[in-house]
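I have placed the structure first, in the form of structure tokens, so that the comments after it can refer back to it.
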Amino acid sequence: MLNEQNSELRAEIEDAFSKAGIDDYVVVNATAIIEKIKKNYVSRNPRAWWLSLENKIDTLHYEDNAGYKYVSEIVENKFSQAHNSYVFFLADEDNEQMYLYKTPLSALVFVIEQCRYFEYYVVSEELAWLVCENDHGEIIVCSAN
């Protein structure tokens with residue numbers, strides 16, 4: 001599921017991390033962590049994970065695809081996650097490739113704004129919750145089993 005090939009999306013995301021002054025975004029054992037996330041939150045084998053997410057607790061709609069601007073606030077309010085804590089940031093490239101990074105929650109808006117549109121998942125390091133944005137501009141919030 002994790003493809004190490006170079007891609008434009010991957011380059012955009014990593015350039016955004018660089019612009020944000022974040023250089024410790026690499027995740028050791030990324031493939032294993034992606035599989036754990038999938039096992040914890042996704043049923044079956046859908047083309048896009050958000051189609052089969054388990055344990056949904058909320059689906060939020062925002063005008064003009066601006067939901068990404070509220071992800072940090074949602075996570076802070078629903079899960080008491082500190083604004084400067086680190087999270088996993090999983091970029092889904094056209095349902096073909098997944099790229100996993102770690103980033104401060106506070107940097108998400110900047111990183112996402114620097115890139116073209118893509119679906120993404122934000123997950124706590126403990127895998128206790130997952131928040132994602134789908135191609136309909138919906139923010140979906142899930143908790144662990």
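The values are calculated or read from the model by the stated rules, or taken from the named source; none is laboratory data. What you see is a predicted model; the values in this text were computed from it and never measured. Heads up, the Cβs are rebuilt from the backbone with ideal geometry, glycines too, and the neighbour counts pull from every protein chain shown. What goes into the accessible areas is simple: the full protein's heavy atoms, side chains included, and nothing from ligands, DNA or RNA. Shrake-Rupley method; radii C 1.70, N 1.55, O 1.52, S 1.80 Å.
Odds and ends about this structure:
- Here the chain has an Rg and Dmax of 13.8, 38 Å, counting Cα atoms alone.
- Cα-based Lys proximity count in the chain, under 28 Å, for pairs eight or more positions apart or on separate chains: 20
- Per residue, the chain exposes an accessible area of 51 Å² to a 1.4 Å probe, with every protein chain left in place.
- Projected label distance in nm at residue 144 and residue 31, using a 7 Å step from Cα toward the beta-carbon: 2.4
- Label-to-label distance, nm, for residues given as residue 44 and residue 62 (7 Å Cα→Cβ offset): 2.9
- Rounded percent of accessible protein surface that carbon and sulfur make up, the chain, 1.4 Å probe: 43
- Rounded to the nearest 500, the 222 nm mean residue ellipticity of the chain from helices alone is -8000 deg cm²/dmol, with -39,500 (n - 2.57) taken per DSSP H run of at least 4 residues.
- Neighbours of residue 18, meaning other residues whose beta-carbon lies under 13 angstrom from its beta-carbon, give a summed charge of -3 when Lys and Arg score +1 and Asp and Glu score -1.
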